[in-house]
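Asker: After the structure tokens below, expect a handful of questions from me.
The values are calculated or read from the model by the stated rules, or taken from the named source; none is laboratory data. Small disclaimer: the values here were computed from a predicted structure and weren't measured. Neighbour counts are summed over all protein chains in view; Cβ atoms, including those assigned to glycine, are modelled from backbone coordinates with ideal geometry.
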Amino acid sequence: MKPPYQKYLKPFATFSKLFFTCIILFGASTISPQALKSQEKYPTYRNIDSLSYALYKQQQWDELIVAGNAALKHSIDYYYLRMRMGIAWYTKQNYRQAIPHFEGALKFNELDEISMEYLYYCYLLSGRQYDVRRLLPKLSKSSKEKMGITGQQIFEEIYVEGGPSIASNQELKDDWGHPKAEDNIYNSTYFYDQYTYLHAGLRFKIHPNISTYQAYENTQAPFVQKIRYQNQELEDFTYTATQNDYYGNFVIGLPGGVQVIPAYHIIWLEYNDRKMRYDSATFRLVSDTLQFNTQDYVMSFSVKKDFPVFAIEMNGAYGDFGRNNQIQLGISGYTYPFGNLNLYTQASLINRWSGDDYSLIFYQMIGGRVAKRLWLEASFTIGDLSNYAENNAFVIYNAPEKINYKFETAFIYSLNEYLEFSIRYRLMQRENKYLYFYTLDSFEQTTSKYLYQTVIGAIKYRF
């Protein structure tokens, strides 16, 4: 005979199962979506590989990038993941974002030709030419043939530019006929009109990591000195100053997106000038023509580090202009919002000083592609640009007049992979100096602002 309580065991067991099932279901229903989502924060190699491959096959590039970044955040990193992410960014034409992934793939297989081919085009299409040089020796002969790379050229490019400059100073010339004060005994000024400029250079490779650019420049700058003494105008003194320049730089590419550029710019300047003096014996103003030959130089050094969508550069320069030594230090930031050359900017802050004289200079540039093969750049620079060294000392603003600011715009047209044309327009505000004496010992100097325009055309041929 069964104990009396056994007839209650089966209903109790059934009730217990229902009770605990309800508790479990209730507990599960109280788990927040954030808690469920947190389980996805700990991906595994297996599910990441399966997911990234599926997204790659479906060409869902944005989802693939998100999944890949989550994997890398949790130290899941391997060749195929890097390749898939690199191709995703490359297909989106964000070449700078693709670079670290193809570089990462090569860490797993340093001889992989596919990674190197993609990386070559990423470097090329993002403007990192110094990395292209470093990569070329690693490409196999078959890869180069497939990519249309016809060997390694020693000479890389020829560059020629030149053009005229025109002063918008007619108002100052007209004003010269009206003395500042009727009782002045002596007035003088200089007018700088149109000058011509020509630059020719050659870039060649001396090592897979190093290229050098060597160039010659010639500038012909006419000027007129005007003098009035006791309301009698003296004969104008007209002369053309000749400036010859030698410029060179070395572009050194280092691993990790680092570029180092030492550069030098040597200037030989020849001109005559008329110096006036008062002869107390004859009570007359007499002049002496003096010949000047000067040699100035500027040395510069910059270090630039490229990141996926921006870059930072530190630069400095030291110049000797006559007897005035000058130091220049600056920092520049570059941005590439789309990871390519469709849009890019540069902002620079430079401090230039010589003894107690110093100037803070600000530079802002924005550029981008406006058509398939056409780029437009525009920039603005403000500050005292006296003897200012720009673009790794490529341009030296050593005009005899103070420059307060400049605006510049350029159109760059790439006809094909070998030939490029550009035209650049530069507008500067310069200061004309006007000297006048009330007596032999009392004088003043005033300045008048005017605009100076330059047009430069250029041709670049790549071998």
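Asker: If you go through segment 341-358 one residue at a time, do you hit one that is closer than 20 Å to C122 by Cβ and assigned to a loop (DSSP other than H, G, I, E, B)?
Answerer: The answer is yes; a qualifying residue exists.
Asker: May I ask you to say which residue of P337, P308 is in contact (Cβ under 8 Å) with a residue 40 or more places away in the chain, outside any strand (DSSP E or B) and farther than 30 Å from Q232 by Cα?
Answerer: P308
Asker: Give segment 266-287 a look and list any residue that's in contact with a Leu (Cβ under 9 Å, 6 or more places away or on another chain) and among the aliphatic types (A, V, I, L, M), or say none.
Answerer: M276, L285
Asker: Find the strands (runs of 3 or more DSSP E) located wholly in segment 403-463 whose residues include 1 or more that are in contact (Cβ under 8 Å) with a residue 60 or more places away in the chain and closer than 24 Å to Y186 by Cα, and list them.
Answerer: Strands (runs of 3 or more DSSP E) meeting the threshold: 419-437, 443-462.
Asker: Further question on the same structure: Can you spot a residue in segment 273-296 that is within 36 Å of the chain's Cα centre (by Cα) and surrounded by 16 or more Cβ atoms within 10 Å (Cβ to Cβ)?
Answerer: yes
Asker: Let me ask another. Out of all the residues in segment 68-97, which are part of a helix (DSSP H, G or I) and over 23 Å from N340 (Cα atoms)?
Answerer: Selection gives A70, A71, L72, K73, Y79, Y80.
Asker: Taking the condition under 22 Å from R84 (Cβ atoms), surrounded by 13 or more Cβ atoms within 10 Å (Cβ to Cβ) and touching a Ser or Thr at 6+ places or on another chain (Cβ under 7 Å), does E117 pass?
Answerer: Criteria met by E117.
Asker: Go through segment 155-238 and tell me which strands (runs of 3 or more DSSP E), entirely inside it, have 2 or more residues that are surrounded by fewer than 17 Cβ atoms within 10 Å (Cβ to Cβ) and either outside the structural domain of I412 (by TED's automatic domain parsing) or modelled with pLDDT of 95 or more (or both).
Answerer: Of the strands (runs of 3 or more DSSP E) lying wholly inside segment 155-238, those with at least 2 residues that are surrounded by fewer than 17 Cβ atoms within 10 Å (Cβ to Cβ) and either outside the structural domain of I412 (by TED's automatic domain parsing) or modelled with pLDDT of 95 or more (or both) span 155-168, 195-207, 210-229.
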